[in-house]
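Q: First the structure, which I've put down as structure tokens, then a few questions once you've had a look.
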Amino acid sequence: MAFVEPVTLQDRGVRLEPLELSHEAGLAAAATDGRLWQLRITSVPEPDQTRAYIEAALQARREGHRFAFAVIDEASGEVVGTTSYHDIVPAIRRVEIGWTWYAKRVQRTHVNTTAKLLLLTHAFDTLGCHVVGWRTDNFNFASQRAIERLGAKKDGVLRGHALRRDGTIRDTVMYSMRAGEWPEARAQLLYLLQQRAQAA
């Protein structure tokens, strides 16, 4: 039995369902909204590379170290992005959340906060994780702010850690949240979502 079993998670009009080849057209359309593959600090595929991107995610799922989700707007049924558990280590009950990107039209909305609430709730409350981690490019300041808003703690920076799509070598900023920190983080996420709903 895999540590992360297929599951669909949903709340506040956002649904996370296991990424499949059937999501190819929707995921390509999401990437096109904002031409996201042109950002040097992300892993968004070019539209004609979307199938290979999904196939790689499915292979990683079979190998047990990554489980990718399609992020769906329930009102329209559209794929608006993707996110994953990755670097899954069952022996120490650790997962990381990443490979996350969204169509430009849903950035800075409730979508990302809701998706993170769903993933964190499943990780801590269902999978029994002791720790959840994140990693991001040292120049992806928006991502760093978003991770810190979740209540994650900065662990440090791995220098010269990975290649970017343009061939340059990036430093990677590492974050984590332990199970004992989750109740306070959950309260903060629910507060942020309530504030956003009241402002809408």
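The values are calculated or read from the model by the stated rules, or taken from the named source; none is laboratory data. These numbers come from a predicted model, not from an experiment. Neighbour counts run over all protein chains shown; Cβ positions are idealised from the backbone, glycine included.
The rows are residues; the columns are (1) crowded, with 22+ Cβ neighbours inside 10 Å; (2) closer than 25 Å to Gln188 by Cβ.
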{"position": "Val14", "(1), (2)": "yes, yes"}
{"position": "Gly26", "(1), (2)": "no, no"}
{"position": "Ala31", "(1), (2)": "yes, no"}
{"position": "Arg35", "(1), (2)": "no, no"}
{"position": "Gln38", "(1), (2)": "no, no"}
{"position": "Arg51", "(1), (2)": "no, no"}
{"position": "Ala56", "(1), (2)": "no, no"}
{"position": "Gly77", "(1), (2)": "no, no"}
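Q: Within the group Arg62, Arg105, which residue is of a type in the set (D, E, K, R), without any contact (Cβ under 8 Å) to a residue 40 or more places away in the chain and more than 23 Å from Asp155 (Cα to Cα)?
A: Values: Arg105 fails: without any contact (Cβ under 8 Å) to a residue 40 or more places away in the chain.
Going through Arg62, Arg105 in turn, the sole match is Arg62.
Q: Shifting gears a bit: Suppose the filter is outside any loop (DSSP other than H, G, I, E, B), under 21 Å from Thr82 (Cα atoms) and acidic (Asp, Glu); does Glu181 pass it? Walk me through it before giving the result.
A: Numbers: outside any loop (DSSP other than H, G, I, E, B): yes; under 21 Å from Thr82 (Cα atoms): no; acidic (Asp, Glu): yes.
No: the conditions fail for Glu181.
Q: From the list Phe139, Phe124, exactly one residue is assigned to a helix (DSSP H, G or I), among the aromatic types (Phe, Trp, Tyr) and in contact with a strand residue (DSSP E or B) (Cβ under 9 Å, 6 or more places away or on another chain). Which is it? Step through it out loud before you land on a result.
A: Numbers: Phe139 fails: assigned to a helix (DSSP H, G or I).
Checking each option against the conditions leaves just Phe124.
Q: For the stretch 98-112, which positions are in contact with a strand residue (DSSP E or B) (Cβ under 9 Å, 6 or more places away or on another chain) and either in a helix (DSSP H, G or I) or under 16 Å from Glu17 (Cβ atoms) (or both)?
A: Residues satisfying the conditions are Trp99, Thr100, Tyr102, Arg105, Val106, His110, Val111, Asn112.
Q: Take the residues of the stretch 139-171 that are buried (at least 16 other Cβ atoms within 10 Å of the Cβ) and among the polar types (S, T, N, Q): which is nearest to Gly98 (Cα to Cα)?
A: Ser143
Q: List pairs: first in the stretch 2-26 and aliphatic (A, V, I, L, M) and assigned to a helix (DSSP H, G or I), second surrounded by fewer than 17 Cβ atoms within 10 Å (Cβ to Cβ) and modelled with pLDDT of 95 or more, Cβ under 7 Å, 6+ apart or cross-chain?
A: Note: pairs meeting the criteria are Leu21/Arg51.
One line per residue, one yes/no per condition, for (1) out of contact with any Cys (no Cβ under 8 Å at 6 or more places or on another chain); (2) among the acidic types (Asp, Glu):
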site: Trp37; (1), (2): yes, no
site: Val44; (1), (2): yes, no
site: Gly64; (1), (2): yes, no
site: Thr83; (1), (2): yes, no
site: Asp87; (1), (2): yes, yes
site: Arg94; (1), (2): no, no
site: Lys104; (1), (2): yes, no
